[in-house]
Amino acid sequence: MPVHTPPHPLAILWFRQDLRLSDNPALIAAMDCGARILPVYVLDDEAAGVWAMGGASRWWLHHSLLSLAASLKAAGAPLILRRGRVEAVIPALASETGAAAVHAGIAHEPFWRRADARIAKSLQGSGCRLHLHRTSTLIDPDTIRTRTGTVYGMYTPFARAVEALGEPAHPQMAPRTIQAASEIASDALHSWRLLPTSPDWSSGIRATWSPGESAARQRLDVFLAKAAAQYGTSRNLPGEDGTSMLSPYLHFGEISPRIVWHAVRRTQAGADQTSYLRELIWRDFSAYLLWHYPTLPKAPLRPAFAKLPFRHDPRALRAWQQGRTGVPIVDAGMRQLWQTGWMHNRVRMIVASFLVKHLLISWQEGEAWFWDTLVDADLASNAASWQWVTGCGIDSQPFFRVFNPVTQGEKFDSDGAYVRRFVPEIAGLPNQYLHAPWTAPPLDAAAAGLTLGKTYPAPLVDLVDGRNRALEAYRGSVREPAS
């Protein structure tokens, strides 16, 4: 009699922020079970609520999914696209296909964690299980604790604890072939309308970025070849190509942090190497904070800062968003953000400090604008960084530290390359006036074609007055217990 061989079990591979085949623990676990794989991506704007992806992220997602679909097709598996509430879509797919398991990456966002719990419960009755794997961070946020068992609140001891764990596991190669499940119905990507139509504001983003796993590896190779050896210094100079620009690839999971870690480690770049690896740990620290403090994106982690008297000033907020504050390094950063969907990290701190301190506009307003315009908009990193600048996070700069944007510009953009690129209307000013054009003598201003208030705005606020107003507001509102 012929031997009946039962079909291999089917596993749903649910992609989220791990849009890659290389070093993807969820994919590896599904394949290790000998299962046929059904790769799925679900677009669920409802679960995320106000944190549904912004415009720049949606642009990136469209192109990243095209890249992922091509990689999967080459390996023998189609990518299935579905739109709707994940807590309904995933169990329905499991029922439709008879899946024995769902494998996905661990998500740190509170809305995904709530959805995961509901999905796991919904699957229980069908014999299908949800398996979550660490695909987007170096460490498991539940395993790092202080000696007394509490959550770390300071970055430096957290970083030391991570480093004490030793090197991350070496990344695993992408499979050459994937045993695919029978193809089922899929949405057409264009039907999701992730790309802007009219007006199409994405030309600068298209010129700057190529999403996808292959592009992520290329970006890493360029960084290792050019900037990694000088990273400790060059990362602070926005006019130079001194950073890795890997943040959107890491956010969407087109490259794993383990791949980046070990590639940088192989460069033997000494202190510069350590400086970059500490940035990867800072990224984990932000995810760690969000995991343990789910209110991070909307409320200060230090309650004493909850009653800061922020101003409601739509005109000033709009000027900041448009890069029309009259402060060149701030305007350059905000224009870089709008044009490219990204901003240099040093400048992110400067523009954030200017909004919160000099303009006394709430950090949540800045956080929301970054969320919509950044291609690397990451809920944990965005919220943690805004709280750091504001001074209301657990591990933050002191509230009385106020970045002077003129001093910052003169120090980190001393030749004016960055400001001249993004604020061309003042490019003709000599260096000594470029970062404070209101100080330029009439003859120099005229020679540069500058008419303050016409060709370039006068500053929204006097920097000294703005700083003093912020310090008065903070000191009058923040009542922290004595240590």
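Since every read-out is calculated from the coordinates, none of them should be taken as a lab result. The model shown is predicted, which means the values in this text are computed figures rather than measured ones. Counting neighbours? That spans all protein chains shown, and the Cβs are built from the backbone with ideal geometry, glycine included.
At 222 nm, what helix-only mean residue ellipticity would the chain give, in deg cm²/dmol to the nearest 500, using -39500 (n - 2.57) for each DSSP H run of four or more?
So the helix-based figure for the chain works out to -13500 deg cm²/dmol.
How do 403, 310 line up, fewest other C-beta atoms within 10 Å first?
310, 403
Within the range 144-240, which trypsin sites (Lys or Arg not before Pro) sit in a loop by DSSP and count at most 16 neighbouring Cβ atoms inside 10 Å?
145, 147, 176, 193
Set the bar at 24 Å for Cα to Cα. Now go through 307/357; 298/357; 226/357 and name every pair that lies beyond it.
226/357
Whose amide H sits under 5 Å from the amide H of residue 38, counting only residues 5 or more places off or on another chain, with H placed in the peptide plane?
HN-HN under 5 Å from residue 38: 11, 12, 13, 181.
Ordered by packing density, taken as the mean number of other Cβ atoms within 10 Å over each peptide's residues, highest first, how do 330-336, 199-205, 259-265 rank?
By packing density, highest mean first, the sequence is 330-336, 259-265, 199-205.
Please list 3J(HN,Hα) in residue order for the range 354-367, calculated via the Karplus relation 6.51 cos²θ - 1.76 cosθ + 1.60 where θ = phi - 60°; whole Hz, with x for glycine and proline.
5, 5, 6, 8, 5, 8, 6, 10, 5, 5, 5, 5, x, 4
With the Cα gyration tensor of the range 28-118 giving a ≥ b ≥ c as the square roots of its eigenvalues, does the rule (a/c under 1.5 for rounded; else a/b larger than b/c for prolate; else oblate) give rounded, prolate or oblate?
Cα axes put the range 28-118 in the oblate bin.
Can you work out the Karplus-derived ³J(HN,Hα) for every residue in the range 200-214? Use 6.51 cos²θ - 1.76 cosθ + 1.60 with θ = phi - 60°, whole Hz, and x for glycine or proline.
Coupling constants for the range 200-214: 8, 8, 9, 4, x, 5, 4, 6, 9, 10, 10, x, x, 5, 5 Hz.
Counting only DSSP beta bridges with both residues in the chain, tell me the antiparallel percent, nearest 5.
Close to 0 percent.
So for the chain, taking the charge dipole from beta-carbon charges (+1 Lys/Arg, -1 Asp/Glu), which of 49, 371, 334 sits furthest toward the positive end?
So the residue furthest toward the plus end is 49.
Any number yet on Rg/Rh for the range 303-475, C-alpha, Kirkwood?
Rounded to two decimals, Rg over Rh is 0.97.
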